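The values are calculated or read from the model by the stated rules, or taken from the named source; none is laboratory data. Quick caveat: nothing in here was measured; it's all calculated off a predicted structure. Cβ placement follows ideal geometry from the backbone for every residue including glycine, while neighbour counts extend to all protein chains displayed. To get the accessible areas, we keep the full protein, side chains included, count just its heavy atoms, and leave off ligands, DNA and RNA. Shrake-Rupley method; radii C 1.70, N 1.55, O 1.52, S 1.80 Å.
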Amino acid sequence: MTEAGTQRRAHAPISVSFEFFPPKTDAMEASLWQAIRKLEPLAPEFVSVTYGAGGSTRERTHSTVSRILAETSLKPAAHLTCVAATKDEVDAVVRDYWDAGVRHIVALRGDPPAGAGAAYAAHPGGYQSSADLVAGLKGIGDFEVSVSAYPEKHPESASFDVDLDVLQAKVDAGATRAITQFFFNNDHYWRYLDRVRARGINIPIVPGQIPIHNFKQIAGFAARCGATMPPSVAARFEGLADDPETTQLVAAAVAAEQVQDLVKGGVTEFHFYTLNRAPLVNAICHTLGIKPHVPASAANA
């Protein structure tokens, strides 16, 4: 790890943010809100709400963001993509968010309606790229804009140089933070950060973390996203397919080791892909020294 491969902030406090996905059923709604209420006292910097392929969860995303604004002390960030919508349609959603009080957007190109791995084609009347979307957002309001970054390179990018060209374009358009795809080997993050800083890109590159609550499921996610699952990590979950309780304990240890190593290297911000599950994320935050606060929503109840 080189000097460029650190984000040093002497004695800076650790901050976290959480990602949730909008529920499809009443049972999933209950699970989501159980997770939100469990994690709210940790006072994250923000919580983001995802947006399905082709805008398939647009209304559920908006509803979840609106409820977070109305019923919690949390600052929501709404995901927004370019796919399957005209600029006018996307801009209408953006203005609705602004009017509702949302000031943070996670701007993504998005997966095609057929899902990850299918050929991507921009909507002829829509935003053509994530950088194009970022510029559109900044033209509507003074949003904080987070974008994606890929320590192991986006699966569709021809090279790291091409990948960094895309990130540079997003920064030039007004992006203020990049959140990485999850990774399980910190060397990938440090090498990527070296490349980013060498290009003169100086926005925060926040490591995205995903607790391994179910090894088979997370390994499948990783394969589709181009994220390497190290054999050393896989070995720690061997024989645990039918033992969810031990899996949780091992997962907490694996994640705690990874984030503590990143902290030693100077990382002070983390973004957790919660999958609407609170216990593991809560445990990892505890190892980072993040203690519960009494949320304003509870104090004012």
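Things worth noting here:
- Screening A12 against (1) surrounded by fewer than 18 Cβ atoms within 10 Å (Cβ to Cβ); (2) modelled with pLDDT under 90; (3) more than 25 Å from V196 (Cβ to Cβ) leaves a single unmet condition, (3).
- Segment 61-100 - residue that is open to solvent by 50 Å² or more (accessible area, probe 1.4 Å), in contact with a Phe, Trp or Tyr (Cβ under 9 Å, 6 or more places away or on another chain) and without any contact (Cβ under 8 Å) to a residue 40 or more places away in the chain and, of those, farthest from L137 (Cα to Cα): R67
- The requirement of being farther than 22 Å from L108 by Cα and touching a residue at least 12 places away in the same chain (Cβ under 8 Å) is satisfied by L39.
- Figure legend. Inter-residue proximity from segment 119-130: first residues more than 15 Å from E89 (Cβ to Cβ) and open to solvent by less than 40 Å² (accessible area, probe 1.4 Å), second residues assigned to a loop (DSSP other than H, G, I, E, B) and at pLDDT 85 or above, beta-carbon distance below 6 Å, spacing 6+ or different chains. Indicated pairs: S130/R109.
- Condition check for I205: open to solvent by less than 80 Å² (accessible area, probe 1.4 Å), in contact with a strand residue (DSSP E or B) (Cβ under 7 Å, 6 or more places away or on another chain) and not aromatic (F, W, Y): yes
- Out of F183, F215, sole residue that is within 26 Å of N276 (Cβ to Cβ), in contact (Cβ under 8 Å) with a residue 12 or more places away in the chain, open to solvent by less than 20 Å² (accessible area, probe 1.4 Å) and aromatic (F, W, Y): F183
- All positions within segment 278-289 that are modelled with pLDDT under 95 and in a loop (DSSP other than H, G, I, E, B): L288, G289
- Filtering segment 266-286 to residues that are of a type in the set (A, V, I, L, M, F, W, C) and under 15 Å from V254 (Cα atoms) leaves F272, L280, V281, A283, I284, C285.
- Scope segment 165-180; condition open to solvent by 20 Å² or more (accessible area, probe 1.4 Å) and assigned to a helix (DSSP H, G or I); matching residues: D165, V166, Q168, A169, V171, D172, A173
- Residue check for A35: open to solvent by 10 Å² or more (accessible area, probe 1.4 Å), of a type in the set (A, V, I, L, M, F, W, C) and modelled with pLDDT of 95 or more: no
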